[in-house]
Every structure is written in structure tokens, then in C-alpha cells.
1. Of these, Val62, Val97, which one is β-branched (Val, Ile, Thr) and either over 30 Å from Leu35 (Cα atoms) or surrounded by fewer than 20 Cβ atoms within 10 Å (Cβ to Cβ) (or both)?
2. Just for the range 129-166: of the residues that are closer than 20 Å to Lys89 by Cβ and modelled with pLDDT under 95, which one is farthest from the chain's Cα centre (by Cα)?
3. In the range 132-144, is there at least one residue being touching a Phe, Trp or Tyr at 6+ places or on another chain (Cβ under 7 Å), crowded, with 17+ Cβ neighbours inside 10 Å and small (Gly, Ala, Ser)?
4. What's the total number of residues in the range 67-123 that are within 17 Å of His145 (Cα to Cα) and of a type in the set (D, E, K, R)?
5. Name the single residue, out of those in the range 53-87 being assigned to a helix (DSSP H, G or I) and of a type in the set (Asp, Glu), that is nearest to Trp131 (Cα to Cα).
6. Anything in the range 81-137 that is among the aromatic types (Phe, Trp, Tyr) and under 21 Å from Lys154 (Cβ atoms)? List them, or say none.
7. Residue by residue through the range 80-102, note down the ones that are farther than 13 Å from Met118 by Cα and over 17 Å from the mean Cα position of the chain (by Cα).
8. For the range 121-128, indicate whether the set of residues that are under 19 Å from the mean Cα position of the chain (by Cα) and closer than 25 Å to Trp162 by Cβ is non-empty.
Amino acid sequence: MANPLKNKNLNMFLFVALFSSTLSANNYSTSSDWLIETNTTQEKFKKIQKQLRGFDLAMVEVGYRFNSFYFALKDKNYPLANYQFDKIKKAIDNGTVRRPKRKHNSQIMFLDTQYKKMKEAIDSNKSKLIWQEFNNTKVSCNACHVAENVPFIKVINPQYRWQPIK
């Protein structure tokens, strides 16, 4: 029977050896001055552009804010809901600058249509109208996802509050 302590030591040795060789084989900078150390302005802008990414990163912000928006509506904290909904619009607007091909559907399905209807509903303080437009907003989001060839991304009601705010 094999000595379990010996196998444990061997596993630890192999892990450390593999981890060390992985670190030494990297070609990436570990400097916190990764942008300052870049030689030309054009290279700096390319690095910044890469970090900002495309529309997908805008959608990460939208999802985060949508969660807060939903719970603000549930809490009837309409000023917070308005704030988050405006930030959702800004994130989408910014995303269309980075990915202009996303602009058309964003405008016709949300920015120039459903965004305005939802804002009017929130301003009315009428709970029934607010939830009707909230559901219409989700339908609009999902229709846009289909139009943009990402139908597997489905907007649903958030199940958990991500932010410790009310």
C-alpha cells in the first residue's frame, strides 16, 4: 500500500513546479505602469481601446444596473430607479460608440422607444403602469438580443439583490 503522506508531498511538489514554470513562461507585464510604459501614443490608445472592449462590456454594466433598477422598483424607490435607468441608457449609448453596428437596433428597440415609455411610467408613480412597462422593457431587450444574434441571452427578473442599497 502506498504511503498517503508521500503521495501528498509529491502532489504538492508537482503543483509548485508546474505553477512556477507557468509564471516564468508568461510574456505579460506584471507592472502596474503597463500603460505609462507604453512607447507611443498610438500604442497607448490601442491598449485603452482593448480594455474598454466592445458592446459586451456595456451589457455587463447594463445587467448590473438592471438588477438595482428592478429592486428599486420593487422597493418603490423611484428616484433610484430613475437614476439606474438613466445609467442603463448611458451605458448603451457608450456601447454604441464602441460598436456602431449595435446602434440601429439599440435605438429602434430601446433608446428612442421603450426607454421613453419606461421613464414616463416611473414618473407617473403608478405601480401597475410601471410594472407593465418594466415587462415591456424586458421584451424589448430580448427582442434586441434576437436581432443582434444573441438569442441565448434572455433578460429575466433578477432573483437576488447585488447591491446593498435600497
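1. Only one candidate passes the filter, namely Val97.
2. Ile165
3. yes
4. Kept after step one, since they are within 17 Å of His145 (Cα to Cα), are these residues of the range 67-123: 88-89, 91-93, 95-96, 99-115.
Then keep just the ones that are of a type in the set (D, E, K, R); that gives 89, 93, 99, 101-103, 112.
Qualifying residue count for the region: 7.
5. Checking each candidate, the answer is Asp86.
6. Within the range 81-137, Phe85, Phe110, Tyr115, Trp131, Phe134 qualify.
7. If the condition is that a residue be farther than 13 Å from Met118 by Cα and over 17 Å from the mean Cα position of the chain (by Cα), then Leu80, Pro100, Lys101 are the ones that fit.
8. no
The values are calculated or read from the model by the stated rules, or taken from the named source; none is laboratory data. In this text the structure is predicted, and so the values were computed from the model without any measurement. Heads up, the Cβs are rebuilt from the backbone with ideal geometry, glycines too, and the neighbour counts pull from every protein chain shown.
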